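Colleague: First the structure, then my questions, so here it is.
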Amino acid sequence: MARTGTTDVLIVGAGPVGLSAAAELRRHGVSCRLVDRLPARLPYAKAVGIQPRTLELWDRMGLVRAVLEAAVPMRGQLTYVDGREAARIDLVLPPEVPYGFAALPQYETERLLEEYLAGLGTAIERGTELVSFGQDPDGVTAELRTASGAAEELRVRYLIGCDGAHSIVRKTLGLSFEGGAFPATYMLGDVVAESDWDLPEGYALRSEHRAPDGSTDDVLVCIPLPGAGRYRMSMMVPPELTAPTAAPDGVAHGLDGGQGPDLSHLQAVVDRLAPRPTRLSGLRWSSVFRISHRIVDRYGEGRVFVAGDAAHIHPPTGAQGMNTGVQDAVNLGWKLALVVRGEAGPGLLGSYDAERRPVGEEVVGRTVRHSTQGFETDPDDPRTLLLREAQLLVGYRNGPLSGVPYGPVGAPQPGDRAPDCTGLTTPIAVHPFRLLDVLRGHPGHVVLLYGPEGAELAAAATEANACGGLLPLTVLAVLPGEAPEEAVEAAVEAETATAGGGTAGVDPTVPPPDLGVPAYRDAAGEFARLYLPDGGTGFVVRPDGQLAARFPLGGTAAALSGCLRALSVPLGNPPAAV
């Protein structure tokens, strides 16, 4: 067996989750190898929905523009029951949310992530399979089988299993994968509906037939894809198709390798259930699909972790699966990077399970509920339901890294998503920035200090910069803007003061004093409206876009030291089982 050198992290599985994990590690400067047993990317439009929160994460990476150019907007869903329109959902989010819902075939998502990763100097090692691994206090030894059939032994510091529902990493770790399977089997097809099919652009279709007992005995779901009239359609498998065989590991989930439907099978369901007739053509691929709902008892052990379908599987309702897996990857990626670089203690890695497993449990339970009972049975109000489906409400307030709450009721707190906002200006830029524009390109923690120009803000900036010696930090200042009526009053006061030899009022276009950190003015008042600062207030934004801390400017040094201690304690201990 060939013995190779070492690398920091081995990632097994090059789907969207594995690619996202590699991208996050590489942009933090951590070396990794990404292997996949398949010889090429599969041409299947499996996961097609991209949530607004995922787009925010890809924005922070610098990937989002390529995704937006390739995807199509998802504007809503029409639901029909027994041929009559039963509901219409319009996917309209609050104006401060920077991105809407999108649809993109999984093979295109993988292509874009692969190209992004190549730009960081890392390529997928195709046809390479993880055979086995073992770990000790100092690292992981993995046995690989390469595309040529040669055996390779690789020594790494950490291993991440993104290898799907039948994960060898999960099985080798001995993690439980409790849950069940849905009795129905579905078929999928990537097809074109003829041009006169008049569904509203950007809307998905769900059409059901109800049995006398009220259960759904026939269903058609159509999700728009890039390309004129192209949809991914899913429906129940007809009796004449061969039932899928049971998976060897007993986990009945994913595409089946047996007999798939042809165009006539798909057309028959469309003829029965589509609200208006259409002819199908252009079949790219089809398959039979099985659905389970399962989740691991823990997201890793020692130096080995699982993410995505290797950790949780569930119905595709609401397009939650791939997006949840991408968030797994980003959450783990920045933490591993800090530990590998020696800037945080290995105990930090225990927070991956503590933060992400509750999210996985909630998603599995909710998608099963929505799949069996429908969205209309959800007790939450429509706005909350929509924000949650967009994954904008994912938070870790009770997690081990969340600081002490501070500020008024309703203010974003440590563990919450850091809201985006617009209207941040500088004296040089002609157009205002969004907060995401400001954060983009800063891979680490970002400290935002909000307050008026003065000694308190300058002292807070000095203290925050001093903490950068403990952990790489980007420190930025946000200065209050003026409301329109205040600007008019300031102009009048300026004229009066100038005529009398006094001091002119504040001009938001005048460069702020040198605080030792870049400064932006909250010209539109959006930052203040969304973050609800209580006087001079500081915020720490994590690499995954969640708030790590919120504090008064007078306590900047203490707050940042506490935040950094949460990342670094216990220093020197071996990696904790998570």
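The values are calculated or read from the model by the stated rules, or taken from the named source; none is laboratory data. Every value quoted in this text rests on a predicted model; they were computed, and no experiment measured them. Quick reminder, even Gly has a Cβ in these numbers, built from the backbone with ideal geometry, and neighbours come from all protein chains shown. We work out accessible area using only protein heavy atoms, side chains counted, and drop any ligands, DNA or RNA first. Shrake-Rupley method; radii C 1.70, N 1.55, O 1.52, S 1.80 Å.
Colleague: Any idea how many residues of segment 525-578 are part of a loop (DSSP other than H, G, I, E, B), out of contact with any Asp or Glu (no Cβ under 7 Å at 6 or more places or on another chain), at pLDDT 90 or above and surrounded by fewer than 21 Cβ atoms within 10 Å (Cβ to Cβ)?
Modeller: 4
Colleague: Pick out the one residue from 206, 210, 232 that is over 18 Å from residue 85 (Cβ atoms) and open to solvent by 20 Å² or more (accessible area, probe 1.4 Å). Give the derivation first.
Modeller: Values: 206 fails: over 18 Å from residue 85 (Cβ atoms); 210 fails: over 18 Å from residue 85 (Cβ atoms).
Answer to the selection: 232.
Colleague: When only residues in segment 136-166 that are among the small types (Gly, Ala, Ser) and either under 27 Å from residue 295 (Cα atoms) or not in a loop (DSSP other than H, G, I, E, B) (or both) count, which is most open to solvent (accessible area, probe 1.4 Å)? Steps first, answer last, please.
Modeller: Step one: of segment 136-166, the residues among the small types (Gly, Ala, Ser) are 139, 142, 147-151, 161, 164-165.
Then drop every residue that is not either under 27 Å from residue 295 (Cα atoms) or not in a loop (DSSP other than H, G, I, E, B) (or both), which leaves 139, 142, 151, 161, 164-165.
Values: 139: 0, 142: 1, 151: 39, 161: 0, 164: 20, 165: 10 Å².
For segment 136-166, the residue satisfying everything is 151.
Colleague: Right, next: Of all residues in segment 467-493, how many are modelled with pLDDT under 70, within 17 Å of residue 452 (Cβ to Cβ) and not aliphatic (A, V, I, L, M)? Before you say what the answer is, go through the steps one by one.
Modeller: Taking segment 467-493 as the starting set, the residues that turn out to be modelled with pLDDT under 70 are 482-493.
Going one step further and asking which of them are within 17 Å of residue 452 (Cβ to Cβ), we end up with 482-483, 486-487, 489-490, 493.
Among the residues that remain, those that are also not aliphatic (A, V, I, L, M) are: 482, 486, 489, 493.
Final tally of qualifying residues: 4.
Colleague: Now for a separate question. Out of segment 95-109, which residues are in contact (Cβ under 8 Å) with a residue 40 or more places away in the chain and either in a loop (DSSP other than H, G, I, E, B) or farther than 30 Å from residue 207 by Cβ (or both)? I'd like the intermediate steps shown before the answer.
Modeller: In the first step, residues of segment 95-109 are kept if they are in contact (Cβ under 8 Å) with a residue 40 or more places away in the chain; the result is 96-109.
Selection gives 96, 97, 98, 99, 100, 104, 105.
Colleague: Does segment 366-376 contain any residue that is in contact with a strand residue (DSSP E or B) (Cβ under 6 Å, 6 or more places away or on another chain) and either more than 16 Å from residue 549 (Cβ to Cβ) or at pLDDT below 95 (or both)?
Modeller: The first filter runs over segment 366-376 and keeps only residues in contact with a strand residue (DSSP E or B) (Cβ under 6 Å, 6 or more places away or on another chain), leaving 368.
Right, trim to either more than 16 Å from residue 549 (Cβ to Cβ) or at pLDDT below 95 (or both) and you get 368.
Yes - at least one qualifying residue is present in segment 366-376.
Colleague: Also, quick follow-up: Scan segment 167-215 residue by residue and report those that are among the β-branched types (Val, Ile, Thr) and in a helix (DSSP H, G or I). Working first, answer last.
Modeller: Let us first name the residues in segment 167-215 that are among the β-branched types (Val, Ile, Thr), namely 168-169, 172, 185, 191-192.
Passing the criteria: 168, 169, 172.
Colleague: Name every residue in segment 440-463 that is open to solvent by 10 Å² or more (accessible area, probe 1.4 Å) and not acidic (Asp, Glu), in order of residue number.
Modeller: Taking segment 440-463 as the starting set, the residues that turn out to be open to solvent by 10 Å² or more (accessible area, probe 1.4 Å) are 440-444, 450, 452-456, 458-459, 462-463.
Within segment 440-463, 440, 441, 442, 443, 444, 450, 452, 454, 455, 458, 459, 462 meet the criteria.
Colleague: Return the residues of segment 393-416 that are among the hydrophobic types (A, V, I, L, M, F, W, C), open to solvent by less than 30 Å² (accessible area, probe 1.4 Å) and within 17 Å of residue 532 (Cβ to Cβ); say none if nothing qualifies.
Modeller: Listed by number, the list holds a single entry, 411.
Colleague: Which number in (1) assigned to a helix (DSSP H, G or I); (2) among the acidic types (Asp, Glu); (3) out of contact with any strand residue (DSSP E or B) (no Cβ under 9 Å at 6 or more places or on another chain) marks the one condition that residue 343 misses?
Modeller: (1)
Colleague: Among the residues that make up segment 344-362, is at least one of them closer than 24 Å to residue 298 by Cα, touching a Phe, Trp or Tyr at 6+ places or on another chain (Cβ under 6 Å) and open to solvent by 20 Å² or more (accessible area, probe 1.4 Å)?
Modeller: Within segment 344-362, one or more residues are closer than 24 Å to residue 298 by Cα, touching a Phe, Trp or Tyr at 6+ places or on another chain (Cβ under 6 Å) and open to solvent by 20 Å² or more (accessible area, probe 1.4 Å).
Colleague: Let me confirm something: among 17, 67, which residue is assigned to a helix (DSSP H, G or I), open to solvent by less than 30 Å² (accessible area, probe 1.4 Å) and without any contact (Cβ under 8 Å) to a residue 60 or more places away in the chain? Even if it seems obvious, please write down each step before you answer.
Modeller: On the way: 17 fails: without any contact (Cβ under 8 Å) to a residue 60 or more places away in the chain.
Exactly one of 17, 67 is assigned to a helix (DSSP H, G or I), open to solvent by less than 30 Å² (accessible area, probe 1.4 Å) and without any contact (Cβ under 8 Å) to a residue 60 or more places away in the chain, namely 67.
Colleague: Check residue 239 against each of (1) under 31 Å from the mean Cα position of the chain (by Cα); (2) outside any helix (DSSP H, G or I) and name the one condition it does not meet.
Modeller: All conditions are met except number (1).
Colleague: Just need a number here: residues in segment 94-120 that are open to solvent by 50 Å² or more (accessible area, probe 1.4 Å) and either among the aliphatic types (A, V, I, L, M) or at pLDDT below 95 (or both).
Modeller: Step one: of segment 94-120, the residues open to solvent by 50 Å² or more (accessible area, probe 1.4 Å) are 95, 111, 114-115, 118-120.
Still in the running and either among the aliphatic types (A, V, I, L, M) or at pLDDT below 95 (or both): 95, 118, 120.
Of the residues in that region, 3 qualify.
Colleague: Now for a separate question. Spot the failing condition for residue 340; the list is (1) touching a residue at least 24 places away in the same chain (Cβ under 8 Å); (2) under 14 Å from the mean Cα position of the chain (by Cα), and only one is missed.
Modeller: (2)
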